[in-house]
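These notes concern the structure reproduced below.
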Amino acid sequence: MSDKIALITGVTGQDGSFLSEFLLDKAYEVHGIIRRSSTDYRERIAHLEGRPRFHLHYADLNDSLSIMQVVSRVRPTEIYNLAAQSHVQVSFDAPEYTANTDAVGVLRILEAVRLCGLTDRCRIYQAGTSELYGKVEAVPQNEQTPFHPYSPYAVAKLYGYWIVKEYREAYGMFCCTGILFNHESERRGETFVTRKITLAAARIAQGKQEKLLLGNLSSMRDWGYARDYVECMWLMLQHDRPEDYVIATGQQHSVRDFCTLAFKQVGIELDFVGTGTEEKGIDRKTGRVIVEVSPDFYRPTDVVNLLGDASKARRELGWNPDRTSFERLVQIMVEADLKKVATEQAVERIRTNLAEFLEKGIVK
Ligand code: NAP
Ligand code: G4F
C-alpha cells in the first residue's frame, strides 16, 4: 500500500477530477468524498472509477460526523479541500448554504484532522480564490494585496483563508491556502462564463442555438488552464513550510475578448457595437446578432479587475504559469464543445431513427 494517501473533497468537480488524475500518476492512493445523489453518474471521474488506487466515500462538508468518519478511516497524509458552492452568482441566492459549506466546511476539515490525532501526519490544502481581492485595492494582486471580498461567496472563502492561517499558527499544522485565479477547461461547469461561451459558440456554429445572452462583457479576468493549476496544489504541500500562494497567469482579458476568440474558433468574426445593455456582438459576415446583454446576468456586486502576480509561486515552487496560453485554452475548450455538440446531435439522430424503426416494426 502507498504511503502517500490523498483525500480530496470536491472530487467530482473540475479541479477534483484533474487533481485525481495527477495524484494517481504520482502513485498516490486517492480517496474522494462524494455526496449521495439520486443520480449516480459522475461524469468527470467516470473514467477513474474502478481503478485499484481510486476510492470514493459518501460524506458532506456540512455534516461533521461524515467528515470525521472518512478522515479517521482513510488517515490521509494530504487533504485537498476543494469542495465548495463555487458559483459566485449562486452565492447571492444561497448565502447561508454558501457560508456553511465554504466557511464552516473548512473548519470541519481542520477539526477532523485535529480530533483524529493526525496533525503531524496530514498536510492540508485549502482552495482559496482571487475573489478575495474582490473590489480590488491594487492591480495586479499578490500575497500582500489587501482583501476586499465582494460577494457572499468571497466572504465565506475569507473565513476559510483565516481559519487555515489560525490553525497553522495555533496548532502548528501544515495547512495552506492557494489563492487561485480563474482556471477553466473543457470540464468547467456550464454556467461559468467561459464554458457558457464555448458551448454557445459550438451550438450556434452547428445550428443548435440562436443567440448567447451574457451579463457584464467588460469584466476582466486572469484565466488559466485548470489542468496546469492542480500541480500547484500539490507543490504547496511538498514545500518545506506551509505558506499561501497566488496562482495566476499574469495575463488579463475581458469577457468580450473571450467571446471574440471563441467565436473566431468556429469561423464567426464578431464585431461588438453599442454600450451597456445595448451592446451586441454581430457576425461581421451576415450582420446577424449573436451576442446580447441581459441584466439577468448582472450581479449585485461584481468583481471586474482581476490580474494575478504569481512571482512567489514561480520563485519558491518553480511553477511555470505560461504552460498553456490564453489562445490555446480557448481552443481546447471550443474543440471539446464542438465534439460534444456533434456527439449529442448524432445520438439524437440515432434515437429518432430507432423510434421510427420500432414504430414501423422494422426492429423489435
Ligand atoms: P466545481 O467544479 O464547482 O466543484 C465543486 C465540488 O464541490 C464538486 O465536487 C461538488 O460536488 C463539491 N461540493 C459542493 N458542496 C459540497 C458539500 N456540501 N459537501 C461535499 N462536496 C461538495 O469547482 P472547481 O472549479 O473544481 O473549484 C474547486 C475549488 O476551488 C472550489 O472550492 C472553488 O471555490 C475553488 N476555486 C475555483 C476556481 C476556478 O476558477 N475554478 C478559482 C479559485 C478557487 P457535487 O458534484 O456533488 O456538486
Ligand atoms: O465565470 P464566472 O461566473 O466566474 P467568477 O465569478 O470569476 O468565479 C469563478 O472564479 C473564481 C476565481 O476568481 C472562483 F473562486 C469561483 O469559484 C469561480 O470558479 O464569471 C466571471 C465574470 C464575472 O465578472 C461575471 O459577472 O464574467 C461575468 N459574466 C458576464 N456574463 C458572467 C456572465 N458570468 C457568468 N457566470 N454568466 C454570464 O452570463
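The values are calculated or read from the model by the stated rules, or taken from the named source; none is laboratory data. Because the structure is predicted, anything quoted here is derived from the model rather than measured. Every residue, glycine among them, receives a Cβ derived from its backbone with ideal geometry; neighbour counts consider all protein chains shown. Remember, those area values only see protein heavy atoms, side chains included, never the ligands or the DNA or RNA. Shrake-Rupley method; radii C 1.70, N 1.55, O 1.52, S 1.80 Å.
Measuring with a 1.4 Å probe in the full set of protein chains, what accessible area per residue, in whole Å², belongs to the range 267-325?
Accessible area per residue, the range 267-325: 55 Å².
What's the extension gain from Asp40 to Arg328 if we count 0.36 nm per residue and subtract their Cα-Cα distance?
Fully extending the segment from Asp40 to Arg328 adds 100.4 nm.
Which of the peptides 253-262, 169-178 is most tightly packed, and how do the rest follow, judged by the mean count of other Cβ atoms within 10 Å per residue?
253-262, 169-178
Would you kindly derive the ³J(HN,Hα) couplings of the range 125-130 from the backbone phi angles with the Karplus curve 6.51 cos²θ - 1.76 cosθ + 1.60 (θ = phi - 60°), listing them in order in whole Hz, with x for Gly and Pro?
Along the range 125-130, the couplings run 9, 10, 7, x, 8, 5 Hz.
Apply the Karplus parameterisation 6.51 cos²θ - 1.76 cosθ + 1.60, with θ equal to phi minus 60°, to every residue of the range 150-166 and state each ³J(HN,Hα) to the nearest whole Hz, in sequence, with x for glycine and proline.
Values per residue, Gly and Pro as x: 9, 6, x, 4, 5, 5, 5, 5, 5, 4, x, 4, 6, 6, 5, 4, 4 Hz.
Give me the compactness ratio for the range 183-234, meaning the Cα radius of gyration over 2.2 N^0.38 Å. If you can, show how the numbers build up before the last one.
Numbers: Rg = 13.2 Å, N = 52, 2.2 N^0.38 = 9.9 Å.
Output field value: 1.34.
Could you do me a favour and compute the accessible area per residue for the range 119-197, 1.4 Å probe, result in Å²?
For the range 119-197, the per-residue accessible area is 38 Å².
When we measure straight from the Cα of Lys264, which lysines land under 27 angstrom away, once same-chain ones fewer than 8 places off are left out?
Cα-Cα hits under 27 Å: Lys196, Lys208, Lys211, Lys280, Lys285, Lys339, Lys340.
When the gyration tensor of the chain is built from Cα positions, what are the square roots of 5 times its three eigenvalues, in whole Å, from largest to smallest?
36, 27, 18
Sequence-distant or interchain residues sharing an amide H contact under 5 Å with Lys135, placed H: which?
So Lys135 has HN proximity to His148, Tyr150.
Report the calculated FRET efficiency for Asp63 and Asp3 (r = Cβ-Cβ distance, R0 = 30 Å), to the nearest 0.05.
Efficiency, from the Cβ-Cβ distance: 0.55.
Under 5 Å between amide hydrogens, which residues at least 5 positions from Cys175 or on another chain qualify, with H placed 1.01 Å from N in the peptide plane?
Those qualifying (amide H under 5 Å, at least 5 residues apart or on another chain) are Ile124.
What ranking, highest mean first, results for peptides 54-60, 85-91 when packing means the other Cβ atoms within 10 Å averaged over each residue? Mind dumping the intermediate values first?
Numbers: 54-60: 17.6, 85-91: 19.6.
Result, highest mean Cβ count within 10 Å first: 85-91, 54-60.
Quick check: at a probe of 1.4 Å, how many percent of the accessible area of the chain sits on carbon and sulfur atoms?
50 percent
Before rounding to the nearest 500, sum -39500 (n - 2.57) across all DSSP H runs of length at least 4 in the chain and divide by the residue total; then give [θ] at 222 nm in deg cm²/dmol.
Working: 11 runs with 144 residues, N = 364.
That comes out to -12500 deg cm²/dmol.
Kirkwood Rh and Cα-based Rg: tell me the resulting Rg over Rh for the range 298-354, rounded to two decimals.
Result: Rg/Rh = 1.27.
Name the residues whose placed amide hydrogens come within less than 5 Å of the amide hydrogen of His55, ignoring near sequence neighbours (fewer than 5 apart) on the same chain.
So His55 has HN proximity to Val30, His31, Gly32.
Can you work out the Karplus-derived ³J(HN,Hα) for every residue in the range 59-67? Use 6.51 cos²θ - 1.76 cosθ + 1.60 with θ = phi - 60°, whole Hz, and x for glycine or proline.
Values per residue, Gly and Pro as x: 6, 9, 5, 9, 10, 4, 4, 5, 5 Hz.
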